[in-house]
Amino acid sequence: EIRALERISEEFAGDGSGSVFQVVVREPGGDVIDADGLNAVLAIEETIREEAGEILADDAAERPAVSSYLSPVVTGAQFAGQDPAQMAAGGDEAVDGFLSTALGQTPPDQVSLLQSLVSEGSDLEGGSAEAGLVLAFFTGGNESTEAFTRQIEIEQAIEQSLGEIDSEAEIRPFSVSLLQGGTDNLGAEVGRLFGMAAAIIVAILMIVYWMPVKGNATWTRVIRRAIANMAITMLAILLAIAMAQGLGYLLLQAGVINSFNPVTQIVPVLIIGLGVDYAIHLTSRYQEEVGSGSSVDEGMSRAVGTVGVTLFLATITTAIGFLTNVVSPVPALSDFGILTAIGIVVAFLLTLTFVPALRLLFDRRASEAHALPTDGMEASEGRVLPRLVEKTSILAENFAVATLVIALVAAGLGFWGFRSLNTEFSFTDFLPEDSPMIQTSEILAEEFGGGFGEQTQVLITAPEGESLATGAVHNALIDANGQLSEIDDVSVVDVGGQSIINASSPYNLIAQELMNPEGAPGVSAEAEGAGMGPDLTVAEDADLTSLYQALLEAKPEEAGAVVSMENGRVGAMLWDIQTTAGEDDAGGLRAALADAFANVEAVGATVVPTSQNIVGDVVIESLTSSQTSSLVVTILASTLVVMISFWFENRRPMLGVLTMLPVAMVVLWTYGLMYVFGIPFGPVTATLAALAVGIGVPYTIHIARRFEEDRKRFADLNEAIRSTTRHTGSALAGSALTTMAGFGILMTSSLTPFRQMGQITFFAIALAMLSAIAVLPAILYLWEGWHRKRSPAITDGGLELQPEPDTKG
């Protein structure tokens with residue numbers, strides 16, 4: 001479907017019938033078929049013709065460039081030599097009377113069209129309607145980025161001018177271009193969220209980096225050090241964001257990514273959350289080492305050597321998780337995965353280079369001046385947070401089996417919720433819910449059956465090297481065209497009791513030329529030569545190449561929009577149909593169109609119904625079918641990486657599986673909460689598996705690696721678990737609170753995807769912390785206890801109480 005849209009844009013002149021600019025004139029509880037409504041319509045038309053001159057379609061007898069629900073009044077007055085504005089001065093009754101007279105002289109097909117230009121429940125002949133439409137037909141706008149940008153500028157200028165019209169009625173412009181142009185406000189929204197997240201994280205970092213005032217840790221030194229740690233962390237994050245954006249631009253120029261889009265706008269916020277996490281872990285371990293008596297250089301070397309390995313594994317697994325989006329059916333998600341992976345890698349590199357370098361520069365000088373507040377660092381484990389987190393070790397010591405069973409049951413429920421999630425995707429999600437465009441879109445859907453802005457294309461292509469200009473294909477297309485009027489969401493007009501579809505197609509052009517006495521003689525001659533009957537069918541073996549050539553010569557613009565001919569061969573045709581399916585019924589419309597054109601495929605052609613809404617529906621189907629495989633690939637790939645790491649380090653690959661088990665639970669728990677809170681599965685929430693892995697893996701690896709050290713230090717398994725939760729668990733809790741605050745800001749967004757991202761990230765962080773300090777210690781306790789029962793010599797005499805942290809045992 002996406003490729004079909006691209007081919008339509010490339011091969012068909014003017015990309016079909018151009019675009020429709022709609023203006024809703026609305027007076028809830030009132031009437032827009034009156035003098036004020038006529039004045040509003042006249043002002044709207046004047047504004048559009050003045051502002052949109054370069055893209056406004058040419059006026060034609062069958063379709064004026066601008067028309068409205070009061071067109072019979074306007075054209076009737078002009079035909080009678082009157083000024084429509086003077087008629088409005090005659091009052092409401094004059095307008096109603098003239099409309100009634102004009103409708104009596106209007107052909108039935110046009111009356112049917114006018115009925116569709118007033119809101120449901122209106123009485124057009126009685127001169128009563130709460131809302132009406134003004135339509136303007138624009139050409140082009142899709143041939144290039146520059147043309148599309150220019151069209152948005154013109155339509156925004158029209159929107160501004162329409163807002164200055166003095167009328168009792170609401171005047172609401174709407175178009176796809178205006179809707180897409182509304183995402184320009186996305187940058188401001190992201191900037192606001194980024195600023196708020198940064199401000200809150202700065203405040204929390206000051207708390208996390210705060211040390212007890214004790215001994216040589218004076219108030220001045222503690223404040224200065226907290227500010228310095230916070231500044232170094234934030235500077236590293238800002239550098240990571242800047243470098244990631246720069247590398248992203250280079251990848252854009254190289255064609256690796258498609259664009260910076262609404263989804264990728266959230267990458268800086270992700271880098272803030274994950275980058276802060278990295279810096280807190282490194283800084284906490286460094287201060288712990290220095291507070292225990294190590295020199296500045298020794299402490300940093302040990303911190304980088306231990307935490308650095310953990311962060312490396314976390315970076316690799318997180319990057320793998322986000323890079324699974326590369327195969328996503330949504331190009332924006334693919335770009336998001338690549339840019340996020342780059343940002344995470346850059347943040348990791350800066351954490352292990354830039355942050356230690358700056359910290360060492362400051363601390364070497366402070367150490368030489370005997371101004372390093374080591375007493376405050378030493379006392380950190382006596383603070384409230386470490387003591388509170390240490391209490392969670394009770395679960396591992398006394399209720400390990402029960403904790404694990406409860407966690408597994410919750411994971412099972414989460415998997416059920418995961419399988420029950422609804423999948424939703426809408427471009428309008430990236431606009432504020434109170435956006436005027438969203439409100440107008442809802443009015444069009446509720447009161448005008450979707451309005452006139454929706455176009456659905458059916459692309460018909462010939463097999464490679466063959467042509468569509470055959471009698472068999474032509475007859476099948478005639479049959480398909482007849483079936484279109486029976487599809488509910490295809491717009492039709494009533495002409496003499498017969499439903500005629502609103503569409504641009506080769507069929508319509510041929511029919512118009514043959515029925516028009518002044519039609520091109522070449523087309524009539526070729527049709528007659530091909531033996532075309534009154535129903536426009538021909539012999540199955542007829543060659544219609546000359547007919548299409550004559551049609552392209554007679555009407556190059558109109559025919560070029562629906563017929564693609566190259567080297568004397570008709571390679572593709574287009575049915576550009578006005579539809580009213582909207583996003584909700586796009587899948588049904590796609591299936592109905594495919595059924596209508598089934599006979600065309602039966603004779604060898606390829607048929608692809610497509611539109612922006614159909615593409616969205618296909619995306620939903622693809623996301624639904626790929627979500628399970630993406631989740632499994634992310635978990636398995638991350639588990640393999642962690643297993644390899646633990647095998648090389650201490651020949652215990654099973655520890656990698658145990659470390660990833662709580663992460664898999666976190667993913668399922670979070671999906672379960674999504675189901676409970678009614679958060680659908682979509683392009684943004686589809687990143688949950690990668691996000692949960694990115695957040696959960698560092699937490700569990702920190703715990704697992706610290707436990708590997710502590711189990712060698714302590715003969716008592718309970719003491720080992722307590723030490724792990726006291727030292728590493730408290731750092732995790734501080735990191736989690738900081739990251740939750742940063743991502744929690746997303747929940748204040750007026751954009752649905754960002755708000756949902758904030759919710760699920762908040763859930764994922766909280767659950768990842770819970771799994772790391774409660775579930776994983778229980779697993780490690782059971783596993784280590786089992787090993788010690790099998791090999792009691794591991795702890796003989798308790799002689800391994802204080803080896804170096806990297807000693808193998």
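What follows is calculated from the coordinates using simple rules that are stated; it is not laboratory data. Quick caveat: nothing in here was measured; it's all calculated off a predicted structure. Positions of Cβ are backbone-derived with ideal geometry, glycine not excepted, and every protein chain shown enters the neighbour counts.
Whole-Hz Karplus ³J(HN,Hα) for the range 662-673, in order, using 6.51 cos²θ - 1.76 cosθ + 1.60 and θ = phi - 60°, x for Gly and Pro?
Using θ = phi - 60°, the values come out as x, 5, 4, 5, 4, 4, 5, 4, 5, 4, x, 5 Hz.
For the chain, what are the per-bin percents of Cα-Cα distances with bins 10 Å wide, up to the bin holding the maximum?
Per 10 Å bin, starting at 0, the Cα pair percentages come out as 2, 12, 18, 18, 15, 12, 10, 8, 4, 2, 0, 0.
In deg cm²/dmol, rounded to 500, what helix-only [θ] at 222 nm does the chain give when every DSSP H run of at least 4 residues adds -39500 (n - 2.57) and the total is split over its residues?
Working: 33 runs with 497 residues, N = 809.
Here the helix-only value at 222 nm equals -20000 deg cm²/dmol.
Note the full-extension length gain between E540 and A89 as 0.36 nm times their separation in residues minus their Cα-Cα distance, in nm to one decimal. Before the final figure, lay out each step's value.
Working: separation 451, 0.36 × 451 = 162.36 nm, distance 6.14 nm.
Length gained, E540 through A89: 156.2 nm.
Size of the dipole of the chain about the Cα centre, Lys and Arg at +1 and Asp and Glu at -1 on the beta carbon, nothing else charged, in debye to 20?
Values: 38 positive and 96 negative charges, 1647 e Å.
Approximately 7920 debye in magnitude.
Considering the dipole of the chain built from charges on the beta carbon (Lys and Arg +1, Asp and Glu -1) around the Cα centre, which of I33, I320, T724 is farthest to its positive end?
Going by the Cα projections, it comes out as T724.
Please give the per residue volume of the convex hull enclosing the alpha carbon atoms of the range 560-649, rounded to a whole number of Å³. All intermediate terms of the calculation are to be shown ahead of the outcome.
Details: hull volume 17.1 nm³, N = 90.
Spelled out: Cα convex hull of the range 560-649, divided by residues, is 189 Å³.
Between the range 701-730 and the range 502-555, what's the alpha-carbon centroid distance in Å?
84 Å
How do V562, V538 rank when sorted from fewest to most other Cβ atoms within 10 Å of their own Cβ? Could you put the intermediate results ahead of the total?
Working: V562 27, V538 21.
The most exposed by this proxy come first: V538, V562.
Within straight cross-link reach of K391, meaning Cα distance under 14 Å, which aspartates and glutamates are found once same-chain residues fewer than 8 apart are removed?
The reachable aspartates and glutamates, counting only those whose Cα sits under 14 Å from K391, are E381, E719.
When a/c is below 1.5 the answer is rounded, else prolate if a/b is larger than b/c, else oblate, so apply that to the range 18-174 with a ≥ b ≥ c taken from the square roots of the Cα gyration tensor eigenvalues. Don't skip to the answer; put the middle values down first.
On the way: a/c = 1.85, a/b = 1.58, b/c = 1.17.
Verdict is prolate for the range 18-174.
Show me, bin by bin at 10 Å from 0, the whole-percent P(r) of the range 455-610 based on Cα pairs.
Cα pair-distance distribution for the range 455-610, in percent: 11, 42, 36, 10, 1.
Work from the charge dipole of the chain (Cβ charges, +1 for Lys and Arg, -1 for Asp and Glu, about the Cα centre) and give the residue of T748, G53, W786 farthest towards its positive end.
Sorting the options by dipole projection puts first W786.
Assign unit charges at the C-beta atoms only (+1 for Lys and Arg, -1 for Asp and Glu), then state the dipole size of the range 226-360 relative to its Cα centre in Debye, rounded to the nearest 20. Walk me through the numbers on the way to the answer.
Working: 3 positive and 6 negative charges, 24 e Å.
Dipole size: approximately 120 debye.
With a cut-off of 8 Å between alpha carbons and a minimum separation of six or more residues, what is the relative contact order of the range 18-174 in percent?
Details: 243 pairs, mean separation 72.3, N = 157.
Answer for the range 18-174 is 46 percent.
For the range 470-619, give the magnitude of the charge dipole about the Cα centre (Cβ charges: +1 Lys/Arg, -1 Asp/Glu; no others), in debye to the nearest 20. Each step should come with its number before you reach the end.
On the way: 3 positive and 24 negative charges, 53 e Å.
Dipole of the range 470-619, to the nearest 20 debye: 260 debye.
Name the longest site-free stretch of the chain, where the excluded sites are chymotrypsin sites (Phe, Trp or Tyr not before Pro) in a DSSP loop with no more than 15 other beta-carbon atoms within 10 Å.
Details: sites that count: F399, F677.
Longest site-free region, per DSSP loop and neighbour criteria: 1-398.
What are the ³J(HN,Hα) values, in whole Hz, obtained from phi via the Karplus relation 6.51 cos²θ - 1.76 cosθ + 1.60 with θ = phi - 60°, for each residue of the range 23-37 in sequence order, with x given for Gly and Pro?
My calculation for the range 23-37 gives 10, 8, 9, 9, 9, x, x, x, 9, 9, 9, 7, 4, 5, x Hz in order.
Could you please rank D543, D277, D535, placing first whichever residue has the fewest other Cβ atoms within 10 Å of its Cβ? Provide the component values of the computation, followed by the final result.
On the way: D543 13, D277 27, D535 9.
Placing the least packed residue first, the sequence is D535, D543, D277.
State, as an integer percentage, the relative contact order of the chain based on alpha-carbon contacts under 8 Å between residues 6 or more apart. All intermediate terms of the calculation are to be shown ahead of the outcome.
Working: 1307 pairs, mean separation 142.1, N = 809.
Once divided by the residue count of the chain, the mean separation gives 18 percent.
Considering only L117, M87, T106, whose Cα is most displaced toward the positive end of the charge dipole of the range 50-123, charges sitting on Cβ of Lys, Arg (+1) and Asp, Glu (-1)?
T106
Counting other beta carbons within 10 Å of each Cβ, put M665, M300, M654 in order, fewest first. All intermediate terms of the calculation are to be shown ahead of the outcome.
On the way: M665 26, M300 23, M654 11.
Final ranking by Cβ density, sparse to dense: M654, M300, M665.
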